[in-house]
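A short worksheet on the structure shown next.
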Protein chains: 2
Amino acid sequence: MDLFVSRYFNKIDKKGRVSFPSSFRNVLPKTNKSEIILYKSIKTESIEGCGVERLKEIAKRINNLDFFSEDYDDFSTSIFSEIVPTKIDKEGRFLIPPELKDYAKITNEAAFYGKGHFFQIWEPKNGLNSSETSRKRLLNEKKSLRTILTQQK
Amino acid sequence: MDLFVSRYFNKIDKKGRVSFPSSFRNVLPKTNKSEIILYKSIKTESIEGCGVERLKEIAKRINNLDFFSEDYDDFSTSIFSEIVPTKIDKEGRFLIPPELKDYAKITNEAAFYGKGHFFQIWEPKNGLNSSETSRKRLLNEKKSLRTILTQQK
DNA sequence: TATATACCCATTGACGCCCATATAATCCCA
DNA sequence: TGGGATTATATGGGCGTCAATGGGTATATA
């Protein structure tokens, strides 16, 4: 499985360390399993992150936007300048950068949400509320996991 | 037969393990017979699942969406974090993820229902009640297998 | 020097992996 | 085609490993 999937709730210890979920670690490239990049989620009150190699992909996507558009400016500012490279220790733990931790209002527990090619880190209650909202929106739009997962080409 | 069909009632042992029905295992791709993905059924109090290969297709599709669109966000949010990849051991058994187990109110026995391209896992009594209800509803609507099987497009 | 963090080592409970058995299904050969 | 032998499936249990977590000490940085 080379995708960030599922959800994990991990404790933050007295030193501020938190375990990066084992299954997430396995998604990171073999060449660099000890570093991730973190940044503020643009649309939500959460931290977003991915492996370093994904950064290049993001750069490409942003580069494809109209160079003179507001979006280009906004995205490149809010993403690149906000990125915090973060090291993962031998036990698979890392320190959540203080600014991001504050931004997401995380205190003593962190919820890790798999999002495919990236992941999000939430204050647990906020995370639950947010996914509940998503779930309801899906129901209203009559889309369900089943329709998406089982549809044939 | 590359479809999930028929119904099986399997016991959950002291360690929480349950056999994934042999005929279901044969539906999984030869390349990966030891992993399935599970998620909450949206419309019923049951667990739904399928092989991992579908997930990868979805990931590919989602990745092709506009990186900054609402759709990209919505899909990745509602799909990836809800999915629980689950390993099947050498004997064909697996652990039902606790959250899903609770959701379906499963305790010491699980009913596996083949649904074609996916399957469902029910608490046995709930499963029986649900299929009985379905049967009656079909009868009331005067639909029969024959109508469905013989209708032309 | 004070504070933070990198680097060790320890603990615990859960899980993966292995081996075992009973029953059911299948096969094979006379 | 019958009946014994072989194989497959569901199930039970032991044990080593790993993930998450806790904490001590050296090292760095300001």
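The values are calculated or read from the model by the stated rules, or taken from the named source; none is laboratory data. Everything numeric here is computed off the predicted structure, so don't read it as measured data. Cβ sites come from the backbone with ideal geometry, for glycine too, and all protein chains shown count toward neighbours. Side chains included, ligands, DNA and RNA excluded: accessible areas come from the protein's heavy atoms. Shrake-Rupley method; radii C 1.70, N 1.55, O 1.52, S 1.80 Å.
Just a few scattered comments:
- With protein chains left intact and a 1.4 Å probe, residues in chain B average 59 Å² of accessible area per residue.
- Solvent-accessible area of the stretch A:1-124 (1.4 angstrom probe, protein heavy atoms only): carbon and sulfur portion equals 51 percent.
- Chain B and chain A together bury an accessible surface of about 3500 square angstrom, both sides counted, with a 1.4 Å probe and no ligands or nucleic acids included.
- Cut-off 13 Å between beta-carbons: net charge of the residues surrounding A:Ile36, Lys and Arg +1, Asp and Glu -1: +1
- The orientation-averaged shadow of the Cα convex hull for the protein assembly as shown, equal to a quarter of the hull surface, comes to 19.3 nm².
- In nanometres and ascending order, the distances from the A:Pro98 label point to those of the other copies are 3.4 (point 7 Å from Cα along Cα→Cβ).
- Choice from B:Glu82, B:Glu141, B:Glu53 with maximal GNM fluctuation in chain B (Cα, 10 Å cutoff): B:Glu141
- Sequence of B:Met1, A:Met1 from largest to smallest accessible area, 1.4 Å probe: B:Met1, A:Met1
- The residue list A:Ile37, A:Val5, A:Phe20 was ranked by how far each Cα lies along the charge dipole of the protein assembly as shown toward its positive end, using unit charges on Cβ atoms, and A:Val5 comes out on top.
- At R0 = 22 Å, FRET efficiency that the Cβ-Cβ distance of A:Asp74 and B:Leu65 yields, to 0.05: 0.70
- When B:Leu138 is represented by a point 7 angstrom out along its Cα-to-C-beta vector, the spacings to that point in the other copies are 2.7 nm, nearest first.
- Given charges at beta-carbon only (K, R positive; D, E negative), |dipole| of the protein assembly as shown in Debye: 1780 debye
- Chain B: relative contact order as a whole-number percent, Cα under 8 Å and 6+ apart: 33 percent
- Efficiency of FRET between A:Lys90 and A:Ser23 - r from beta-carbon atoms, R0 22 angstrom, step 0.05: 0.80
- For chain A, modelled as a GNM whose springs connect Cα atoms under 10 angstrom apart, the maximal fluctuation among A:Lys105, A:Lys87, A:Lys60 occurs at A:Lys60.
- For A:Lys11, label point 7 Å along C-beta direction: distances to other copies, nm: 3.6
- Cross-link partners of A:Lys125 among aspartates and glutamates, defined as those whose alpha carbon lies under 17 angstrom from its own and excluding same-chain residues fewer than eight positions apart: A:Glu45, A:Glu48, A:Asp102, A:Glu109, B:Glu82, B:Glu99.
- Here chain B is described by how far its Cα atoms reach on the three principal axes: 48, 47, 30 Å, from widest to narrowest.
- When +1 charges are put on Lys and Arg Cβ atoms and -1 charges on Asp and Glu Cβ atoms, the dipole computed for the stretch A:7-123 relative to its Cα centre reaches about 800 debye.
- Alpha-carbon centroids, the stretch A:62-128 and the stretch B:111-130: separation in whole Å: 39 Å
- Extending 7 Å from the Cα toward the beta-carbon at both A:Lys56 and A:Lys30 defines two label points whose distance is 1.7 nm.
- Chain B: calculated mean residue ellipticity at 222 nm from DSSP helix runs of at least 4, using -39500 (n - 2.57): -10500 deg cm²/dmol
- GNM top mover of B:Asn32, B:Asn140, B:Asn129 - chain B, alpha-carbon springs below 10 Å: B:Asn140
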